[in-house]
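Here is the structure we will look at.
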Amino acid sequence: MKRAITITVCALLLAGAAYADVELNTVALTEITTTNEAGQEVTNRVEAGKVVPGDEVIYTITFANHGTEPAADVVITNPIPEHMVFTKVEESPRGAKVSISADGGSRYDAPRNLTVTDAKGQTRPAKASDFTHVRWTFQNPLEPGAEGSVSFRAQLQ
């Protein structure tokens, strides 16, 4: 029997300068495919409530600079929830560098450069199941009124 779990939205970290006017909102979505009246398959995103192993969840973080000054050094970090395995970055704005951590958020790099140490002390390349965090580092300040989103997909194990 498949076990269902309830998805909760991840905690977010916004690092860098003071961001009193940068607002972040997170939502966890799943995709539902139905057939419309014309017989065509239509895929819609709905809030993830209960998911079962094998289901993929899309974590979307929206951001908006409501201030009157540019927000520099913006970094959005999102942990990959427990029992979820990273599958891919879904959305990343131009000018935001994406990096991944496989050690609880201590070190970030491109996935191909990450390594982990196994129980025997052997180092090996990190796999998606080792990834613990996704980070977007904005290369340019967020201008006043700027808004957008970042997102990633993960599959429930």
Inset, instruction - Compute the distance in nm between two label points, each set 7 Å from the Cα along the Cα-to-Cβ direction, one at ARG107 and one at ASP73. - result: 2.3
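Less than 13 Å Cβ to Cβ from PHE152, Lys/Arg counted +1 and Asp/Glu -1: what total charge do the surrounding residues give?
0
Give the average over all directions of the projected area of the C-alpha convex hull of the chain, one decimal, in nm².
On the way: hull surface 49.2 nm².
Projected over every direction and averaged, the Cα hull of the chain covers 12.3 nm².
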Inset, instruction - Run the numbers on the stretch 94-157 and let me know its relative contact order in percent, using alpha-carbon pairs under 8 Å that are six or more apart. - result: 35
Legend entry - Spacing of the two label points (7 Å from each Cα toward its C-beta) at VAL116 and THR62, in nm: 3.4
Legend entry - Net charge over other residues, Cβ less than 12 angstrom from the Cβ of GLU31 (K, R count +1; D, E count -1): -3
Inset, instruction - Would you mind computing, in nm to one decimal, how far apart the modelled labels at VAL85 and VAL42 are, each placed 7 Å from Cα along Cα→Cβ? - result: 3.3
Inset, instruction - Report, in debye and to the nearest 20, how large the dipole of the chain comes out about its Cα centre when Lys and Arg carry +1 and Asp and Glu carry -1 on their Cβ. - result: 760
Legend entry - Relative contact order [Cα under 8 Å, 6+ residues apart], the chain, whole percent: 31
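Read-outs throughout are calculated quantities, based only on the coordinates presented, and are distinct from any laboratory measurement. All values derive from a computational prediction rather than experimental measurement. A quick note on method: Cβ atoms are made from the backbone with ideal geometry, for glycine too, and the neighbour counts reach across all protein chains shown.
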